[in-house]
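Structure record follows, encoded as structure tokens.
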Amino acid sequence: MSIKGKTAIITGGSRGIGAATALKLASMGADVAIIYAGNAELAEAVRSECEGFNVRAYAYRCNVADYNETKETVDRIKADLGTVNILVNNAGITRDKLLAMMKEEDFDSVIATNLKGAFNMIRHCTGIFIRNKGGNIVNVSSVVGIHGNAGQCNYSASKAGIIGLTKSAAKELAGKGIICNAVAPGFIETDMTKDLDAESNPLINSIPLKRAGKKEEVAEAIAFLAGQDYITGQVLGIDGGLGM
């Protein structure tokens with residue numbers, strides 16, 4: 001299924017994997033709605049770059065953990081762009097700490113943004129998808145949602161929850177023609193990690209392909225799943241073999 005002419009929402013779309021995804025989908029001819037939490041300048045830069053592909057692009061500030069705020073934002077997107085065909089749930093935060101030291105608010109805030117945020121967006125887009133007789137959802141999980149990671153009980157739990165949410169939503173919504181999949185990135189390059197190599201970082205050395213992934217590689221996988229009409233309920237690892 002081509003995504004040209006479709007409308008896509010990308011949460012956490014102002015930087016990193018979210019920004020790369022917005023640009024990838026725009027380059028394929030999709031109109032994009034970029035949801036961001038705080039940095040309006042970054043969001044505007046991504047929005048402007050997306051417009052360079054001759055598509056419509058809007059940016060919306062929204063706390064995805066807030067049920068009512070996400071509903072209002074989805075309503076605004078529908079009013080501005082006419083409909084929604086693709087939802088990419090990428091927004092996420094970390095509050096890493098060892099379990100014995102983790103505060104309740106560290107756990108609650110990560111679950112609220114990473115997991116409940118995805119539920120909120122799916123909940124409010126589902127009615128649109130049903131009226132359209134189809135839609136594509138791609139949720140961003142993580143390799144640590146499958147294998148766990150010390151110091152990330154909250155983050156790992158949220159990303160494991162994303163996998164359960166993905167599979168349950170896929171089963172529940174398949175009869176309406178709605179596709180739901182997830183990606184599970186491993187160690188992905190950021191501004192902080194891009195200069196690390198196998199010699200200086202044991203984690204990279206443990207990756208069979210001996211390098212960190214690129215955000216554009218995750219965006220490619222998301223774009224692939226966003227265009228599917230028969231693959232559903234799957235979790236696609238983008239981790240260089242780390243999860244083997």
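FYI, it's all coordinate maths here, none of it is from the lab. Just so it is clear, the model here is predicted, and its values are computed rather than measured. Here the Cβ positions follow ideal geometry from the backbone for every residue, glycine too, while neighbour counts run over all protein chains shown.
List of remarks:
- Chain lengthening between ASN149 and LYS210 when straightened (0.36 nm per residue, less Cα-Cα): 20.0 nm
- Here the calculated FRET efficiency for ASP96 and GLU72, from their Cβ-Cβ distance with R0 = 30 Å, stands at 0.45, rounded to the nearest 0.05.
- Nonlocal amide H pairs with ILE137, under 5 Å, H built at 1.01 Å: LEU87, ILE179, CYS180, ASN181
- Applying 1/(1 + (r/R0)^6) with R0 = 30 Å to the Cβ-Cβ distance of ASN54 and TYR230 gives a FRET efficiency near 0.50.
- Between the alpha-carbon centres of segment 1-75 and segment 173-189 there is a gap of 17 Å.
- Ellipticity estimate at 222 nm from DSSP helix runs (n ≥ 4, -39,500 (n - 2.57)) divided over the chain, nearest 500: -13000 deg cm²/dmol
- 10 °C / 1.306 mPa s Stokes-Einstein diffusion coefficient of the chain, Kirkwood radius on C-alpha pairs, µm²/s: 89 µm²/s
- Inter-label distance, nm, simple model (7 Å from Cα along the C-beta direction), ILE130/GLU172: 1.1 nm
- Under the Karplus curve 6.51 cos²θ - 1.76 cosθ + 1.60, θ = phi - 60°, whole-Hz ³J(HN,Hα) for segment 9-24, x wherever Gly or Pro sits: 9, 10, 7, x, x, 8, 7, x, 4, x, 5, 4, 5, 4, 5, 5
- Computed 3J(HN,Hα) for segment 34-43, one whole-Hz value per residue from the Karplus formula 6.51 cos²θ - 1.76 cosθ + 1.60 where θ = phi - 60°, is 9, 9, 9, 9, x, 8, 5, 5, 5, 4, glycine and proline marked x.
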